[in-house]
Amino acid sequence: MKKSLLAIAAAIALYSTSAMAQYQLSHNAAPGNPKSDASLRFSELVAEKTAGRVKIDVGGSAQFGEDAEALTNMRLGTLAFSANSQGTTSAVVPEIAVLGLPFLFENLPQAWEVMDGPVGEKLAAAAEAQGLVILAFWDNGIRQTSNSTRPITKPADLAGLKIRTPPDPITIDIFNALGANPTPLAFSELYIALQQGVVDGQENPLINIYSSKLYEVQKYISLTNHKYEATLLVASKIIFDTFTPEDQAAIREAALEAGKFNRERSQSDEAKLRATLEEAGVVFNEVESQAFVDATKSVYDKWRETYPELVDEMVAAAAAAKK
């Protein structure tokens with residue numbers, strides 16, 4: 001333990017004393033995904049805005065570890081940045097899970113407006129109390145359900161299906177409420193799990209299904225639109241506090257600019273992907289939306305027990321931002 005603490009202290013000292021230190025940014029997305037491209041853009045912008053004082057090495061496809069490991073390392077001060085998933089981050093900052101309440105957002109701009117307002121500020125404060133600095137809320141889309149067995153048109157069609165979810169309590173609650181068998185699994189293990197039949201299906205936005213080639217092992221995509229997820233661009237508070245105020249401001253500015261790029265890419269890609277996936281042989285279907293909404297009302301009741309004010313504030317903000 002003593003050696004471990006000394007190693008962490010040495011790493012922090014290296015970060016704070018090097019005039020042109022190299023930092024790492026971890027994420028789990030495949031090349032070409034908006035999260036991947038925005039992370040690279042963020043790295044470029046930070047180098048430009050800090051005149052090279054801060055350089056960031058981006059490690060995608062979980063090269064620097066899975067999302068949960070990245071969060072642990074940032075809280076220890078041994079990793080500087082991560083474009084992390086909402087579900088995994090909610091294990092450290094439970095309040096963030098509330099962004100994923102079922103059918104809360106009808107479209108992406110509505111979600112962005114909520115995250116860019118007072119609700120986002122409240123979530124950022126909760127994260128900072130856990131040693132994480134949310135630099136920007138990037139986009140990870142509204143999620144759909146795919147499987148290899150049958151089209152899903154109503155909740156009863158999910159009965160008995162093992163659906164991979166991220167380690168996110170609200171997503172698990174949603175699929176329990178819908179009668180499925182939710183199975184948390186790391187994203188990097190998902191393709192093989194689908195290919196080998198360990199799970200029958202999964203839920204993700206179309207861009208993740210496409211960029212990670214999940215469509216190769218999933219015949220059906222049902223447009224459930226069951227929840228939204230953000231990508232949190234997060235910094236280690238330990239490391240972020242070592243930057244000068246000037247460099248902190250530059251990094252935050254770069255995060256927002258890269259976030260604008262990420263959101264635009266996410267929205268434009270989503271609009272084109274159904275046709276692309278249909279050409280690849282995927283069968284799409286619409287669902288009985290109201291039946292899904294009714295089946296998941298219990299999720300709101302459960303989360304209001306723990307976060308009554310936050311849930312009500314989130315719902316009110318979503319209604320105010322409705323386009």
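The values are calculated or read from the model by the stated rules, or taken from the named source; none is laboratory data. From a predicted model like this one, the values you see are computed outputs, not experimental measurements. Heads up, the Cβs are rebuilt from the backbone with ideal geometry, glycines too, and the neighbour counts pull from every protein chain shown.
Only residues that are touching a residue at least 60 places away in the same chain (Cβ under 8 Å) and among the small types (Gly, Ala, Ser) were counted in region 271-319, giving 8. When LYS322 is tested against (1) over 24 Å from GLY201 (Cβ atoms); (2) at pLDDT 95 or above; (3) not in a helix (DSSP H, G or I), only condition (2) is not met.
You will find that of SER18, SER26, SER4, the residue that is modelled with pLDDT of 95 or more and hydroxyl-bearing (Ser, Thr, Tyr) is SER26 and no other. If you go through region 32-47 and pick out every residue that is surrounded by fewer than 16 Cβ atoms within 10 Å (Cβ to Cβ) and either in contact (Cβ under 8 Å) with a residue 60 or more places away in the chain or in contact with a Pro (Cβ under 9 Å, 6 or more places away or on another chain) (or both), you end up with 1. For ALA68, indicate whether it is within 21 Å of ILE172 (Cα to Cα), in a helix (DSSP H, G or I) and outside the structural domain of ALA193 (by TED's automatic domain parsing). For ALA68, the condition - within 21 Å of ILE172 (Cα to Cα), in a helix (DSSP H, G or I) and outside the structural domain of ALA193 (by TED's automatic domain parsing) - is met.
With the requirement that a residue be touching a strand residue (DSSP E or B) at 6+ places or on another chain (Cβ under 8 Å) and crowded, with 19+ Cβ neighbours inside 10 Å, what does region 254-269 give you?
ALA255, ALA258, GLY259, ASN262, ARG263, SER266
Every condition in (1) in a loop (DSSP other than H, G, I, E, B); (2) under 22 Å from the mean Cα position of the chain (by Cα) is met by THR242 except one, and the failing one is (2).
Are any residues in region 71-91 part of a loop (DSSP other than H, G, I, E, B) and within 25 Å of LEU40 (Cβ to Cβ), and if so, which ones?
GLY77, THR78, LEU79, ALA80
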